[in-house]
């Protein structure tokens, strides 16, 4: 009995350690930025990398184009610019959180989040997942301003040689030349 | 003397049988009329304004079902350029296709994904006379090739022209259509492969009733961004796949002439008469024939007996 409990404790400690080790490195902007208000120069957006490698995001460059709130919805310490969030989250700790995945969840299709979604009537009925938040935010701007890369391989590098990688790359370069 | 049915009892019987079938028919019709779909009916909300035409859904679908890979380069838009001659449609190698549509109201093109809409009251299912189609409580409309006789009535019946036929298979021809990934995913509560692959989250998976709420929320929260309607809420009696679009639906490649009631409703009145035809008509016409023949034989053989018969009846 005694042994059992201690083993469980070890597991809990181990998983906490793992979570602590992975969370800040996987997130786009590190949590520290929220308190220090020091924007990172670049970020590796790789929380979702599956068939594509993570995106090397030039944060400094983008910060020179747009205000922080245009992508983050709010600046650290200030309430969100999104009125939908604002009505409840004006106060509290959520205003200090800047990384995308603290609101836009990464586990859209896990059993837990699918069952949570059922018969939901509140405000959280339609929060975009992390994958959609990244792509809608980046591509939304790049397409509407007709500036910045819009093709898959313009931002991502494929993990390993895909079945049609040379042809894909050729098509990509051709399109870029046009 | 052989036992004879008198004319009066025969007519009485016929009238009674006719009346009973006619009175039964309307009650049967109304019992199936108000089907609003299963409570557990899953669906997908397609936000046409979000799709960028990357065709990841096509790739994911072909992988999931072991179909031929989609033609053209997925990250090359040239295939979509070719579509000026005509839209691609679902076929035996593609359960889903993405087409590009130009709207005069927008400066950028729109992309619309096409696949089986998994109607609440599917026309293909009701048209199939061997019951090869099943509407599962999860919402999927699935097809059983073992039962199918290959009549292809479902292809004619479908208002969205979705089912395709495997013509090039000589020995195992069958209908090919999206099955909502029922076997591999939906039956375990997981979303179909296309939804999981969509990087723009243009596809949202959930319960149909919840998705209608999500669709209305998006329309309400972002005024001017969407048409104030959800395609699929009423079309063909309601579909599991729902769509919201930034332009009028006909400009985004939707068929707006699809009726707002199940296709079955158009033939329900006729179909209700079929059992009556099958049960009443044989008796009715056999009776008329027998009467006519009886009269004829009586006249021919014995006029005297015929007269006495008639007088006794009176």
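Yes or no: residue B:213 at the interface with chain A (Cβ under 8 Å from one of its Cβ atoms), farther than 13 Å from residue B:42 by Cβ and in contact with a strand residue (DSSP E or B) (Cβ under 8 Å, 6 or more places away or on another chain)? So residue B:213 fails the test. Within the stretch A:74-86, the set of residues being assigned to a helix (DSSP H, G or I) and more than 12 Å from chain B (Cβ to nearest Cβ) comprises just one member, A:86. Taking residue A:71, is it part of a helix (DSSP H, G or I), surrounded by 15 or more Cβ atoms within 10 Å (Cβ to Cβ) and either on the phi < 0 side of the Ramachandran plot or more than 14 Å from chain B (Cβ to nearest Cβ) (or both)? When the stated conditions are applied, residue A:71 passes them. Of the residues that make up the stretch A:71-90, is at least one under 26 Å from residue B:197 (Cβ atoms) and modelled with pLDDT of 85 or more? Checking the stretch A:71-90: at least one residue is under 26 Å from residue B:197 (Cβ atoms) and modelled with pLDDT of 85 or more.
Here A:107, A:99 are screened, and the one residue that is touching a residue at least 60 places away in the same chain (Cβ under 8 Å), more than 9 Å from chain B (Cβ to nearest Cβ) and under 13 Å from the mean Cα position of the chain (by Cα) is A:99.
Scanning the stretch B:219-235 for residues that are surrounded by fewer than 19 Cβ atoms within 10 Å (Cβ to Cβ) and assigned to a helix (DSSP H, G or I) turns up B:219, B:220, B:221. Restricting B:151, B:124 to residues that are closer than 30 Å to residue B:268 by Cα and surrounded by fewer than 20 Cβ atoms within 10 Å (Cβ to Cβ) narrows the list to B:151. For the subset of the stretch B:99-115 comprising residues that are under 13 Å from residue B:203 (Cα atoms) and assigned to a strand (DSSP E or B), which member is nearest to the chain's Cα centre (by Cα)? Filtering first and then ranking leaves B:114. For residue B:206, the conditions (1) within 14 Å of chain A (Cβ to nearest Cβ); (2) surrounded by fewer than 21 Cβ atoms within 10 Å (Cβ to Cβ); (3) within 30 Å of residue B:62 (Cβ to Cβ) are fulfilled apart from (2).
Within the stretch A:120-137, one or more residues are within 8 Å of another protein chain (Cβ to nearest Cβ) and at pLDDT below 85.
Just one of the numbered conditions (1) within 11 Å of another protein chain (Cβ to nearest Cβ); (2) over 27 Å from residue A:116 (Cβ atoms) is not true of residue B:236: (1).
Take residue B:184 and tell me if it is surrounded by fewer than 21 Cβ atoms within 10 Å (Cβ to Cβ) and either more than 14 Å from chain A (Cβ to nearest Cβ) or touching a residue at least 40 places away in the same chain (Cβ under 8 Å) (or both). When the stated conditions are applied, residue B:184 passes them.
Here is a check on your reading of the model: is residue B:253 within 19 Å of residue B:116 (Cβ to Cβ) and either out of contact with any helix residue (DSSP H, G or I) (no Cβ under 6 Å at 6 or more places or on another chain) or more than 14 Å from every other protein chain (Cβ to nearest Cβ) (or both)? Answer is yes for this residue.
Taking the listed residues B:173, B:163, the one that is more than 14 Å from chain A (Cβ to nearest Cβ) and at pLDDT 95 or above is B:163, with no other qualifying.
Out of the residues in the stretch B:64-95 that are outside any loop (DSSP other than H, G, I, E, B) and modelled with pLDDT of 90 or more, which is surrounded by the fewest Cβ atoms within 10 Å (Cβ to Cβ)? Top of the filtered list is B:91. Remark: pairs (first residue in the stretch B:57-83, under 13 Å from residue B:192 (Cβ atoms); second residue at pLDDT below 80 and surrounded by 14 or more Cβ atoms within 10 Å (Cβ to Cβ); Cβ separation under 9 Å; 6+ apart in sequence or on different chains) = B:58/B:74.
The values are calculated or read from the model by the stated rules, or taken from the named source; none is laboratory data. Keep in mind the model is a prediction, meaning the values are calculated, not measured. As a convention, Cβ positions derive from the backbone with ideal geometry for all residues, glycine included, and neighbour counts pool all protein chains shown.
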